[in-house]
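Chemist: Structure provided below as structure tokens; questions to follow.
The values are calculated or read from the model by the stated rules, or taken from the named source; none is laboratory data. This structure is a prediction, so every number in the text was calculated from the model and none was measured. Ideal geometry is used to build each Cβ from the backbone, glycine not excepted, and the neighbour counts take in all protein chains shown. With ligands, DNA and RNA removed, areas are computed over all heavy atoms of the protein, side chains included. Shrake-Rupley method; radii C 1.70, N 1.55, O 1.52, S 1.80 Å.
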Amino acid sequence: MPSFALHGIGVSSGIAIGRAQLVSHATLEVAHYSVPPAQVATEIARFDRAVHEVQKELEGLHGAMTAGDAPAEFGAFLDVHWMILNDATLSEAPKKIIAEQRCNAEWALTQQMNVLVDQFDQIEDAYLRERKADVVQVVERILKRLLGKPGAIVPAGAEQHTILVAHDLSPADVIQFKQHRYAAFLTDLGGATSHTAIVARSLAVPAVVATHNGRQLIRENELLIVDGTNHVVIVNPDKSVLTEYRLKQTELELDRQKLKRLKTKRATTIDGAHVELQANIELPQDLETVRANGATGIGLFRSEFLFLNREGLPTEDEQFEAYREVAVGMKGLPVTVRTFDLGADKQKEGLGGLARVAPNPALGLRAIRFCLAEPRLFLTQLRAILRASRYGKVRILIPMLASVSEIDQTLAMIEQAKETLREQGTPFDSGIEVGGMIEIPAAVLAIASFLRKLDFVSIGTNDLIQYTLAVDRSDDAVSHLYDPLHPAVLKLIAMAISAANKLGKSIAVCGEMAGEAGFTRLLLGMGLRNFSMHPAHLLTIKQRVLTTNVAEIEAIVDRMRRIDDPARLSALLEKLNA
Ligand code: PEP
Ligand code: MG
């Protein structure tokens, strides 16, 4: 098999070596051929056998899942597949097509799938409409059996050596893999700070996005090397390349082991500046890695992930349990719950009249705008957070603020939620701190007025870069324009940090820049003392902090704030990191 390389954007560093598993949302290509009348019964029997084999496959999977610790949604997911498989529209109708059209089973099955998919497209109920994808997946399972290529499902224990190859994955898809141990991911689409990339990074496995046609070129089970650090995927590597990568992998593992020694060390610079290194999480189950990497708090709990991959919305009690679990688990260290930031690339179907495809979702009804437009949902979440606040040091963080009036409205709603709890006699921390995310240029320019009303702020560089440069963070076609080192971006970040420091208000960076070692010294030199990132990056950043003398780098950073020439900026950054 020929060896070749694919270039993309490495969104999670490290090296993985494993076999490809193609994740397909599209239909498999099938051939069409006629079956002689005498063969029709055999063709129908072939179809029946394939359906039967898939039934066995699903049963086997169900058994394995109940025995293991797979998340509950996988069980539900298999149940849906079971129902679809056993429905006559899928298990019987194709047989009629084989008999009537005298065609092969694969063709009959895809014909019937197209009919069903069309019917699903007409369904008004968004949840049911989404089940179309399940129909396609069940059809793909049967097709794989018919084509004699089963084994798309990863046997338990083999995941560690399995690399998922997909055309595209939504953040909701990727979060489902949290309890699995896939070796790596690669996708055709995606930008470096898309939420899909962020979640992939939080799985702490190498990932490369924007490979363009990787999904088409890679075959099931082919040997792959994913090098997330160097943005490359090597398909069917030859022996010498494989040996070289195995060696690199061992070296990286040794480095990781060495870093572990820093876990309990305080993050203090050579000249004595203390730095908070906190963690970003998506779900309470992330706490284990947070603790393993010695975070001094949760700087960003992306609470919207509690809303994804589920039917309906989480109730107040369900949300309360999740926030309480994190508050208790962090034993008094700060837990910053960002109120839900749905919209843009994190869509949730079934949110009443507001569930619509916006013409420009990143600029549409997203985050705090959506919350304020849906006060009932928002108040439910606020009460849940407040109730959890007595179990630790919980803080509320408001996403995507653009104007002071949004702060006023949110503070009024927090007051209303508190009032309800007081009336119920439910205890909460009445001094709970409320902060805002700085992710729109307008928020930086108006930061003084924001800081008067808020207890703290946190810079979301992922969105700040997107909105400053007008570059969609999830679109790989413009990813070359997404530049954290753009002079305008640096000026905005520096401005926000100095304004907060001047007023004595706490400021953090919780975007991906906080977890990139190349930017640590730059941010420290700008006066940042609070970083929040994926837990997997904490020890690398701590090492950087420990080897930095802020007094020595301030002059370079000052120069960087004032110049506009990208080449000089890169050169100075290199000097800073030397
Ligand atoms: C950001 O925008 O930098 C951020 C931290 O929020 P999110 O990535 O969830 O939009
Ligand atoms: Mg953001």
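Chemist: Check off (1) more than 16 Å from ligand 2 (Cβ to nearest atom); (2) open to solvent by less than 40 Å² (accessible area, probe 1.4 Å); (3) out of contact with any Leu (no Cβ under 9 Å at 6 or more places or on another chain); (4) within 30 Å of Asp565 (Cα to Cα) for His480 and give me the number that stays unchecked.
Modeler: The single condition His480 does not satisfy is (2).
Chemist: Look at the range 483-530 and say how many of its residues are closer than 20 Å to Met560 by Cβ, open to solvent by less than 60 Å² (accessible area, probe 1.4 Å) and away from ligand 2 (no atom under 16 Å from the Cβ).
Modeler: Residues that pass the stated criteria total 22.
Chemist: Among Gln137, Gln119, which is the only one that is out of contact with any Gly (no Cβ under 6 Å at 6 or more places or on another chain) and modelled with pLDDT of 85 or more? Break it down into steps so the answer makes sense when it comes.
Modeler: Numbers: Gln137 fails: modelled with pLDDT of 85 or more.
None of the other options fit; the residue is Gln119.
Chemist: Another question, if that's okay. Being assigned to a loop (DSSP other than H, G, I, E, B), of a type in the set (A, V, I, L, M) and within 30 Å of Phe301 (Cα to Cα): is that true of Val205 here?
Modeler: yes
Chemist: If Met113 satisfies all but one of (1) farther than 16 Å from Val40 by Cβ; (2) modelled with pLDDT of 85 or more; (3) exposed (fewer than 14 other Cβ atoms within 10 Å of the Cβ), what's the number of the condition it fails?
Modeler: (3)
Chemist: Out of Glu406, Glu433, Glu374, report the one residue that is more than 16 Å from ligand 2 (Cβ to nearest atom), open to solvent by 10 Å² or more (accessible area, probe 1.4 Å) and within 23 Å of Val335 (Cα to Cα).
Modeler: None of the others qualify; the one that does is Glu433.
Chemist: Could you tell me how many of the residues in the range 326-337 are within 12 Å of ligand 1 (Cβ to nearest atom) and open to solvent by 10 Å² or more (accessible area, probe 1.4 Å)? Full working, then the answer.
Modeler: Applying the first criterion (within 12 Å of ligand 1 (Cβ to nearest atom)) to the range 326-337 yields 336.
Among the residues that remain, those that are also open to solvent by 10 Å² or more (accessible area, probe 1.4 Å) are: none.
Of the residues in the range 326-337, 0 are within 12 Å of ligand 1 (Cβ to nearest atom) and open to solvent by 10 Å² or more (accessible area, probe 1.4 Å).
Chemist: So, one more: Just to be sure I understand, how many residues within the range 436-446 are open to solvent by less than 10 Å² (accessible area, probe 1.4 Å) and among the hydrophobic types (A, V, I, L, M, F, W, C)?
Modeler: Selection size over the range 436-446: 4.
Chemist: Hey, does the range 462-477 have a residue that's surrounded by 17 or more Cβ atoms within 10 Å (Cβ to Cβ), under 17 Å from Arg338 (Cβ atoms), more than 14 Å from ligand 2 (Cβ to nearest atom) and in contact (Cβ under 8 Å) with a residue 60 or more places away in the chain?
Modeler: No, the range 462-477 contains no residue that is surrounded by 17 or more Cβ atoms within 10 Å (Cβ to Cβ), under 17 Å from Arg338 (Cβ atoms), more than 14 Å from ligand 2 (Cβ to nearest atom) and in contact (Cβ under 8 Å) with a residue 60 or more places away in the chain.
Chemist: I'd like the full set of residues that are at pLDDT 80 or above and either in contact with a helix residue (DSSP H, G or I) (Cβ under 6 Å, 6 or more places away or on another chain) or not β-branched (Val, Ile, Thr) (or both), limited to the range 141-167.
Modeler: Result: Arg141, Ile142, Leu143, Arg145, Leu146, His161, Leu164, Val165, Ala166, His167.
Chemist: For the range 286-325, which positions are hydroxyl-bearing (Ser, Thr, Tyr) and open to solvent by 10 Å² or more (accessible area, probe 1.4 Å)?
Modeler: Listed by number, the residues that qualify are Thr289, Thr296, Thr315.
Chemist: Any idea which of Ser202, Ser194, Ser240 is under 29 Å from Ile385 (Cα atoms), open to solvent by 20 Å² or more (accessible area, probe 1.4 Å) and out of contact with any Phe, Trp or Tyr (no Cβ under 9 Å at 6 or more places or on another chain)?
Modeler: Ser202
Chemist: Moving on. Sort through Ile225, Ile281, Ile218 and tell me the only one that's surrounded by 15 or more Cβ atoms within 10 Å (Cβ to Cβ), touching a Leu at 6+ places or on another chain (Cβ under 9 Å) and closer than 30 Å to Tyr323 by Cβ. If you could, list the steps in order and put the result at the bottom.
Modeler: Values: Ile225 fails: closer than 30 Å to Tyr323 by Cβ; Ile218 fails: closer than 30 Å to Tyr323 by Cβ.
So the residue among Ile225, Ile281, Ile218 that is surrounded by 15 or more Cβ atoms within 10 Å (Cβ to Cβ), touching a Leu at 6+ places or on another chain (Cβ under 9 Å) and closer than 30 Å to Tyr323 by Cβ is Ile281.
Chemist: If I filter the range 549-556 for residues that are under 33 Å from the mean Cα position of the chain (by Cα) and either more than 26 Å from Lys258 (Cα to Cα) or of a type outside the set (A, V, I, L, M, F, W, C) (or both), do I get at least one hit?
Modeler: No: the range 549-556 contains no residue that is under 33 Å from the mean Cα position of the chain (by Cα) and either more than 26 Å from Lys258 (Cα to Cα) or of a type outside the set (A, V, I, L, M, F, W, C) (or both).
Chemist: Okay, next question. Within the range 414-446, can you find the residues that are within 16 Å of ligand 1 (Cβ to nearest atom), out of contact with any Cys (no Cβ under 9 Å at 6 or more places or on another chain) and under 30 Å from His480 (Cα atoms)?
Modeler: Hits for the range 414-446 are Gly436, Ile438, Glu439, Ile440, Pro441, Ala442, Ala443, Val444.
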